[in-house]
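The values are calculated or read from the model by the stated rules, or taken from the named source; none is laboratory data. Because the structure is predicted, anything quoted here is derived from the model rather than measured. Cβ atoms come from the backbone with ideal geometry, glycine included; neighbour counts cover every protein chain shown.
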Number of protein chains: 2
Amino acid sequence: MSYASFASMPCTLSRPAALLGERWTLLLLRQIFLGTRRFEDFQTTMEISRSVLTDRLNVLLQEGVLKRVPYQDDGRTRYEYRLTQKGKDLYPVLMALRTWGEKWMAPEEEESFHLHHRDCGGGVRAKVECTDCGAELTARDVQVTARS
Amino acid sequence: MSYASFASMPCTLSRPAALLGERWTLLLLRQIFLGTRRFEDFQTTMEISRSVLTDRLNVLLQEGVLKRVPYQDDGRTRYEYRLTQKGKDLYPVLMALRTWGEKWMAPEEEESFHLHHRDCGGGVRAKVECTDCGAELTARDVQVTARS
DNA sequence: TAGCTGAGTTCGAAAAACGAACGCAAGGGA
DNA sequence: TCCCTTGCGTTCGTTTTTCGAACTCAGCTA
């Protein structure tokens with residue numbers, strides 16, 4: 001009656017934080033954004049236990065972050081896991097993590113992959129901005145107002 | 001020998017994802033960004049068990065996300081938990097979660113707090129952009145290249 | 001001296017995660 | 001036909017985490 005309550009709180013930050021804050025979920029999303037789609041591939045590349053993998057995939061399905069899409073395997077129909085639009089919209093969350101990781105967790109030039117803008121070849125980074133004036137914002141630029 | 005290995009992988013996404021992907025950690029950071037600083041306050045407002053709270057705070061201390069800062073309480077010196085610069089730089093991660101939550105998890109106008117730019121009063125949102133041309137990017141605009 | 005408070009620590013019970021084995025449906029080869 | 005393989009789970013006994021109530025401890029305060 002405590003962790004679960006954050007998942008149903010009327011707060012647009014606590015609900016996503018509770019969902020993605022379950023063990024393995026962020027790492028699973030990373031793997032999905034890197035292109036993994038099938039149960040067996042998640043299991044072998046991540047070394048996650050099969051029962052937990054089943055559970056996490058089901059939660060993401062229920063939440064509408066993933067969907068099951070049929071594919072052909074030697075003539076048989078099987079299903080793979082793909083991002084819905086809701087899932088794809090999590091991209092900024094992953095990129096924010098990576099932007100932070102690049103700044104604070106990269107002892108040297110170690111990255112297992114590079115990201116760049118297809119059109120111009122530039123780098124990729126997450127930022128927070130004002131929807132009105134477009135300024136880049138940090139925590140101190142933002143006023144928090146409790147709601148009645 | 002599996003979840004922990006992501007925390008030491010040479011990947012600037014998996015390391016932050018493993019760190020913040022532990023249960024309670026994202027919710028704890030949310031609470032910190034909302035202004036909570038003291039053990040007792042975390043414990044009562046979040047209803048987290050005291051032993052897990054101790055553990056999570058210690059991990060964030062070790063990682064340099066939080067620091068202990070002395071304060072006076074009835075003449076005695078106590079310590080509270082505050083964000084370091086590394087911790088403050090997690091703001092975009094939280095804002096990306098919230099931006100997503102606003103779009104996909106808000107049935108009606110329910111938010112427990114409002115955020116706005118101090119200077120102009122505008123809204124706040126996270127986005128991903130190209131460091132060269134400044135274009136806003138989605139997953140499909142970004143090329144992933146494995147490193148040798 | 002006794003009580004209170006903030007900040008943990010301890011410990012037995014409950015829940016979650018682990019991992020190896022099992023199930024199962026469909027295709028392929030002998 | 002029978003058996004093997006594959007992909008995708010499910011089961012189940014063991015280990016790890018989490019829970020939560022009680023305990024500790026230091027330093028005020030009455």
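Mind checking which residues of segment A:77-98 are more than 7 Å from chain B (Cβ to nearest Cβ) and either closer than 24 Å to B:GLY134 by Cβ or of a type outside the set (A, V, I, L, M) (or both)?
A:THR77, A:ARG78, A:TYR79, A:GLU80, A:TYR81, A:ARG82, A:THR84, A:GLN85, A:GLY87
Note on segment B:46-73: residues that are more than 29 Å from A:MET9 (Cα to Cα), in a strand (DSSP E or B), more than 9 Å from DNA strand C (Cβ to nearest atom) and modelled with pLDDT of 95 or more amount to 1. Scanning segment A:20-37 for residues that are away from chain B (no Cβ under 11 Å), outside any helix (DSSP H, G or I) and either of a type outside the set (A, V, I, L, M, F, W, C) or closer than 24 Å to B:LEU29 by Cβ (or both) turns up at least one hit.
Can you find a residue that is within 12 Å of another protein chain (Cβ to nearest Cβ), more than 16 Å from DNA strand C (Cβ to nearest atom) and small (Gly, Ala, Ser) anywhere in segment A:4-17? Yes: segment A:4-17 contains one or more residues that are within 12 Å of another protein chain (Cβ to nearest Cβ), more than 16 Å from DNA strand C (Cβ to nearest atom) and small (Gly, Ala, Ser). Taken over segment A:30-81, the criterion of being without any contact (Cβ under 8 Å) to a residue 40 or more places away in the chain, surrounded by 18 or more Cβ atoms within 10 Å (Cβ to Cβ) and aromatic (Phe, Trp, Tyr) is satisfied by A:PHE42 alone.
For segment A:80-96, check the following and say yes or no: at least one residue is acidic (Asp, Glu) and out of contact with any Lys or Arg (no Cβ under 8 Å at 6 or more places or on another chain). No; the residues of segment A:80-96 include none that is acidic (Asp, Glu) and out of contact with any Lys or Arg (no Cβ under 8 Å at 6 or more places or on another chain).
For segment A:99-108, the count of residues that are under 27 Å from A:ARG38 (Cα atoms), away from DNA strand C (no atom under 16 Å from the Cβ) and either surrounded by fewer than 16 Cβ atoms within 10 Å (Cβ to Cβ) or more than 7 Å from every other protein chain (Cβ to nearest Cβ) (or both) is zero.
Exactly one residue among B:ARG125, B:ARG82, B:ARG140, B:ARG68 is closer than 24 Å to A:ARG118 by Cα and under 20 Å from the mean Cα position of the chain (by Cα), and that residue is B:ARG125.
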